[in-house]
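Undergrad: My questions all concern the structure below.
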Amino acid sequence: MPKKILITGGAGYIGSHIVNLLGKDEQYELTIYDNLSTGRKESVVSGELVVGEIEDLEKLEALIVDKKFDACFHFAGSIIVPESVEDPLKYYFNNTQNTLNLLNLCIKHKINNFIFSSTAAVYGINEDGICTEETPVSPINPYGKTKLMTEQLLEDLSIAYPDFNYVVLRYFNVAGASIDGSVGQCSPLSTHLIKIACETALGKREKMFINGDDYQTKDGTCVRDYIHTDDLASAHVASLEYLLEGGKSDLFNCGYGHGFTVKEVVDVVKKVSNVDFDVELGPRRAGDAPVLLAKSDKIKSVLGWNPEHDDLELIVRTALDWEKKLK
Ligand SMILES: NC(=O)c1ccc[n+]([C@@H]2O[C@H](COP(=O)([O-])OP(=O)(O)OC[C@H]3O[C@@H](n4cnc5c(N)ncnc54)[C@H](O)[C@@H]3O)[C@@H](O)[C@H]2O)c1
């Protein structure tokens, strides 16, 4: 009997990569629950798409009762940091309240394996910018705070309900598109550097901005840890296998442990696209840490995660190829 997996937000950027990968394995039967607010139905390349809103608890509960899921991936949420500062209620409703309601249903109907998309934003700004899972958390915007609240809720639930286990994955800078070319980033208002640079290279934007070049880094621009979406997808599959084999609740960073400056990324996009697009220097953005890198030893040793696409040019090439296809 295949394991039944509920995937909220599976029509979005990251969720669609997990659907793509898990869908290739007959051990799993996938149900994607998504309101298509930022996701697209064309991105659901496997499984059954149920178009629904997490807030619609009657519909969600009926689905859960009908399917009797073995595990849940929870990708659905709102993800734009500046928007979370301007409209915090949207984030507390969609990321905190909706997740609380979803978890309430999971506990009630014994979906005891839960995988949650968290973020490096929970770390806020720390001294050297290299984060282990033990680095103190201190998010500096509502987006990061809502994600941390879910992490804390999960921890409390796993104590109160010993059969309930979760994996929290704290993603660093997710980038690229699937190597097989079937899914990629469609998000209309993306703030992701590599997507913006690819859009500019293809003339979808007139120019792009670098936000500050006076940081204490080798060329003055911020350093980030860019992880390819297919490697992130394999981290999710490893998390699922871990939980289904009886693994206990745990939390892992997802990144490569080294990074690139904004200028280095822009140079790679120019090289791969062969377009010398316009880049202007803008002021620093409030709350940008100079350096943010993941220590990822834990996920490698506990889950046996083995990233295969730690290559910035490959990440950019897949993103650019995807962007060309995107209408
Ligand atoms: N993209 C990143 O770099 C990044 C980094 C760290 C963490 N994350 C987390 O990963 C998850 C997925 O991010 P993404 O980049 O794929 O974003 P996305 O916007 O592409 O995907 C989110 C999906 O959830 C759906 N959705 C949102 N609210 C919903 C609701 N109330 N009911 C039903 N469906 C709903 C959207 O339609 C969309 O398909 C998010 O939880 C995000 O916080 C993303």
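Undergrad: Filter the range 136-165 down to the residues that are away from the ligand (no atom under 16 Å from the Cβ), touching a residue at least 24 places away in the same chain (Cβ under 8 Å) and not in a strand (DSSP E or B) and list them by number.
TA: E155, L157, S158, Y161, D163, F164, listed by residue number.
Undergrad: Another one. Go through the range 50-85 residue by residue and tally those that are open to solvent by 60 Å² or more (accessible area, probe 1.4 Å), under 14 Å from N104 (Cα atoms) and within 10 Å of the ligand (Cβ to nearest atom).
TA: 2
Undergrad: Assess whether L169 counts as being modelled with pLDDT of 95 or more and near the ligand (Cβ under 10 Å from one of its atoms).
TA: Spelling it out, L169 is indeed modelled with pLDDT of 95 or more and near the ligand (Cβ under 10 Å from one of its atoms).
Undergrad: What residue, of G220, G247, is open to solvent by less than 20 Å² (accessible area, probe 1.4 Å), in a loop (DSSP other than H, G, I, E, B) and under 23 Å from I115 (Cβ atoms)?
TA: G247
Undergrad: Check the range 239-260 and report whether any residue there is within 27 Å of T132 (Cβ to Cβ) and in contact with a Cys (Cβ under 7 Å, 6 or more places away or on another chain).
TA: yes
Undergrad: Another question about this same structure. Checking the structure you have, find out if any residue of the range 39-49 is open to solvent by 60 Å² or more (accessible area, probe 1.4 Å) and without any contact (Cβ under 8 Å) to a residue 24 or more places away in the chain.
TA: Yes, the conditions are met somewhere in the range 39-49.
Undergrad: A further question follows. With respect to L36, determine if the residue is open to solvent by 30 Å² or more (accessible area, probe 1.4 Å), modelled with pLDDT of 95 or more, within 14 Å of the ligand (Cβ to nearest atom) and on the phi > 0 side of the Ramachandran plot.
TA: yes
Undergrad: Further question: Inspect all residues belonging to the range 91-107 and state whether any of them is open to solvent by 20 Å² or more (accessible area, probe 1.4 Å) and part of a loop (DSSP other than H, G, I, E, B).
TA: no
Undergrad: Does the range 280-297 contain any residue that is part of a helix (DSSP H, G or I), open to solvent by 20 Å² or more (accessible area, probe 1.4 Å) and either outside the structural domain of D70 (by TED's automatic domain parsing) or touching a residue at least 40 places away in the same chain (Cβ under 8 Å) (or both)? Don't jump to the end; show me each part of the working.
TA: The initial filter retains those residues of the range 280-297 that are part of a helix (DSSP H, G or I), namely 297.
Filter once more, so that each one left must be open to solvent by 20 Å² or more (accessible area, probe 1.4 Å): 297.
Among the residues that remain, those that are also either outside the structural domain of D70 (by TED's automatic domain parsing) or touching a residue at least 40 places away in the same chain (Cβ under 8 Å) (or both) are: 297.
Checked against the condition, which is being part of a helix (DSSP H, G or I), open to solvent by 20 Å² or more (accessible area, probe 1.4 Å) and either outside the structural domain of D70 (by TED's automatic domain parsing) or touching a residue at least 40 places away in the same chain (Cβ under 8 Å) (or both), the range 280-297 yields at least one hit.
Undergrad: If a residue has to be in a loop (DSSP other than H, G, I, E, B) and either without any contact (Cβ under 8 Å) to a residue 24 or more places away in the chain or farther than 29 Å from G47 by Cβ (or both) to count, how many in the range 73-90 make the cut?
TA: As a first pass, look at the range 73-90 and keep what is in a loop (DSSP other than H, G, I, E, B): 75-80, 87.
From what's left, either without any contact (Cβ under 8 Å) to a residue 24 or more places away in the chain or farther than 29 Å from G47 by Cβ (or both): 87.
Going through the range 73-90 one residue at a time, the tally reaches 1.
Undergrad: In addition: I'm checking my understanding of the structure. Among residues of the range 11-28 that are more than 7 Å from the ligand (Cβ to nearest atom) and under 24 Å from T191 (Cα atoms), which one is surrounded by the most Cβ atoms within 10 Å (Cβ to Cβ)? Outline the logic, then answer.
TA: We begin by selecting, within the range 11-28, every residue more than 7 Å from the ligand (Cβ to nearest atom); these are 16-28.
The next check asks that each one be under 24 Å from T191 (Cα atoms); those that pass are 16-20.
Values: S16: 32, H17: 30, I18: 30, V19: 29, N20: 22.
Step by step, filter the range 11-28, then rank; the result is S16.
The values are calculated or read from the model by the stated rules, or taken from the named source; none is laboratory data. Since we're looking at a predicted model, the values are computed, not measured. Positions of Cβ are generated from backbone atoms using ideal geometry, with glycine treated the same way; all protein chains shown enter the neighbour counts. Calculation scope for accessible area: heavy atoms of the full protein, side chains included, ligands and nucleic acids excluded. Shrake-Rupley method; radii C 1.70, N 1.55, O 1.52, S 1.80 Å.
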